[in-house]
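These notes concern the structure reproduced below.
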Amino acid sequence: MKFENTGIEKMKAELNRLDEVMEAHKLVRAGQWDYERVTYDRKFEMREGTFYLRLQGYAVEGDVDTFKAMIQLMTPLLGKHYYPHGVEYGEGENFPASLVNQCKKIIEDVKNEISKFAE
């Protein structure tokens, strides 16, 4: 599921500050990066299954590995994990309304914090 038109997809932010904001909202980057891209995930374990809120971005300046990069954020996603295949984001997935609302709140909170220093 894509969270379209949140405004976060229009934001650019410095990697280190972005890491701090994401971590404060339990969105973890861990090893999910390469030289040009970053992925922040928040895991939700529910009766209906395991879900991930995913915020991604790519470097428009610098390199992620040097921790000196300007990151262009992308449209947030919500996916359901299927063992052993991975996470599915398809339109045919059923996401609990309470989870969707919680994710919208997290995205809005993250956006508001990033807007204080974003380009």
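Values quoted throughout were computed directly from the atomic coordinates according to the rules given, and no laboratory measurement underlies them. Model, not experiment: these values are computed from the prediction. Glycine also receives a Cβ, built like all others from the backbone with ideal geometry; neighbour counts cover every protein chain displayed.
Of note:
- The Asn5 and Gln102 beta-carbon pair, evaluated with R₀ = 22 Å, returns a calculated FRET efficiency of approximately 0.75.
- At R0 = 25 Å, FRET efficiency that the Cβ-Cβ distance of Asn16 and Arg37 yields, to 0.05: 0.95
- Percentage relative contact order, the chain, counting C-alpha pairs under 8 Å, at least six apart: 32
- Counting only alpha carbon atoms, the long axis of helix 15-24 and the longest principal axis of the chain meet at about 40°.
- When Rg/Rh (Cα atoms, Kirkwood Rh) is calculated for this entry, the matching label among (i) 1.00; (ii) 1.12; (iii) 0.97 is (iii).
- Cross-link table Lys2/Lys43; Lys2/Lys104; Lys10/Lys104; Lys12/Lys43, entries beyond 19 Å C-alpha to C-alpha: Lys12/Lys43
- Crossing angle, helix 97-114 versus the chain [Cα axis fit, 0-90 degrees, rounded to tens]: 10
- Along the axis of the charge dipole computed for the chain (Cβ charges of +1 for Lys and Arg, -1 for Asp and Glu, origin at the Cα centre), the listed residues His81, Val64, Trp33 are led at the positive end by His81.
- Amide H within-cut-off set for Arg37, under 5 Å, with H built and near neighbours excluded: Ala59
- Only Lys, Arg (+1) and Asp, Glu (-1) charged, at Cβ; the chain dipole about Cα centre in debye: 320
- Using the Cβ of Lys12 as centre and a radius below 9 Å, the other residues enclosed give a net charge of -2, where K and R count +1 and D and E count -1.
- Using θ = phi - 60° and Karplus 6.51 cos²θ - 1.76 cosθ + 1.60, couplings along the range 68-73 (whole Hz; Gly, Pro as x): 10, 8, 9, 9, 8, 7
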